[in-house]
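Just below is one structure, and these are the notes that go with it.
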Amino acid sequence: MNLNFFPSRQISLYMVRLFLTRTFAVLALLVVVLQTLDLLGNSGDILSYPGNGDPQLWHYVGLRAPQIVARFLPFSVLLGTLVMLATLNQNSEIISMKAAGLSAHQILAPLVLAALGVSIISFVFNERIVVRSTAALSAWEAVDFGPIPPDSGVKSNPWVRDGNNLVNVAIVAGRGSDVQLRQIEIYNRVNNSLTTIVEAPRGHYDAASKSWVLEGARQFDVARGTVREVGTVRFGRDIRPDQFTLAKVDPDALTFSELQSAIADLRDAGRPTAELEGSLWHKLSGPLSALLMPILGSVAAFGLARSGQLFMRAVLGMALGFAYFVADNFSLAMGNLGAYPPVLAAWAPFFLFLLVGETLLFRTEE
């Protein structure tokens, strides 16, 4: 068995160049189309806030585009691989490579290496850009696309129970005793019946009295249907600051290390973490899915390019790729329900389809 996977430097560079140009061309096309559709669906909500205009629309595009890139990069690798390999097969270039003594794995090796580079770029892109844009966009949506308080550590829309009452906060910023709250709503209940609703634009934690202070609060009486100004209000002596900061952990808005820290904090507080652990491992397995696409799409590279066989092989490669994404989402959902362990939920589809792709490649071409 020839273990030299890169016998020709020129062919390897040629294959990598074709692979990368097709992949990023497909990605650019997908991002333009999907971003346009997404902006059309959300522009009304953005412009409905007084004072918003074209700058806010472009700001939304800047925050949303990284999410679209991260989500559809593996699809782009799959489609780029299929377009490239089908074209090479159509032009008999694959036959020429095999006639020169290259095996199927030697033909695909440059693509797998390039896909590994794409996976690394995807992981770094997610860690450095996507998580920040996701956190910023979530915070912006929580205030209906209005001004966001310039605080660090922003979290959006957590719910906390205060005895029989419920507390909802649009934005939580800071950690520990420095936690700041924005747009607070307290639903006061007696015997599970709503009696009053207290609203305040801002609040903070008072470490001296170990309670929360609301400023500029208003109270709505449900029975009477009246609203009155109540000024400064104290509440929640039994609510710890970490209950707000840990009440809602968005794994998509945290880096790998930050999510690890949040999981440790939740575990120390006795909270369930299985769903977040699955998302943690998926931060690694998700970008690596690009590594699978050349293997799953390889069925379009081999076989005779006549009598419709090339088209059917391309369809088969696309079906295998999309089946992986379906299995990946299903496995994560089962992990969130507790049916699968977190590590299995994140990694099982990757290794399963790696085995399927290699099996097809060996049985048909090797």
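Quick notes
- Close pairs from the stretch 344-366: first without any contact (Cβ under 8 Å) to a residue 24 or more places away in the chain, partner assigned to a helix (DSSP H, G or I), Cβ under 6 Å, at least 6 apart: ALA348/SER331
- Boolean, ASP162 is under 28 Å from PRO66 (Cβ atoms) and surrounded by 15 or more Cβ atoms within 10 Å (Cβ to Cβ): no
Residues are listed down the side, and each one gets a yes or a no for (1) assigned to a helix (DSSP H, G or I); (2) surrounded by fewer than 21 Cβ atoms within 10 Å (Cβ to Cβ); (3) among the acidic types (Asp, Glu); (4) at pLDDT below 90:
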| site | (1), (2), (3), (4) |
| --- | --- |
| SER261 | yes, yes, no, yes |
| LEU266 | yes, yes, no, yes |
| GLU275 | yes, yes, yes, yes |
| ALA290 | yes, no, no, no |
| MET293 | yes, no, no, no |
| TYR324 | yes, no, no, no |
| ASN329 | yes, yes, no, no |
| GLY335 | yes, no, no, yes |
| TYR340 | no, yes, no, yes |
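- Among the residues listed as SER48, SER76, the single one being assigned by TED's automatic domain parsing to the domain that holds SER289 and more than 26 Å from ILE129 (Cα to Cα): SER48
- Residue match in the stretch 217-233 (condition: within 31 Å of the chain's Cα centre (by Cα) and β-branched (Val, Ile, Thr)): no
- In the condition set (1) part of a helix (DSSP H, G or I); (2) surrounded by fewer than 18 Cβ atoms within 10 Å (Cβ to Cβ), ALA86 is compliant with all but (2).
- The listed residues are ALA223, ALA208, and the only one of them that is small (Gly, Ala, Ser) and either assigned by TED's automatic domain parsing to the domain that holds PHE123 or in contact (Cβ under 8 Å) with a residue 24 or more places away in the chain (or both) turns out to be ALA223.
- So ALA139, is it closer than 28 Å to GLU229 by Cβ and either in the same structural domain as LEU27 (by TED's automatic domain parsing) or charged (D, E, K, R) (or both): yes
The values are calculated or read from the model by the stated rules, or taken from the named source; none is laboratory data. What you see is a predicted model; the values in this text were computed from it and never measured. Quick reminder, even Gly has a Cβ in these numbers, built from the backbone with ideal geometry, and neighbours come from all protein chains shown.
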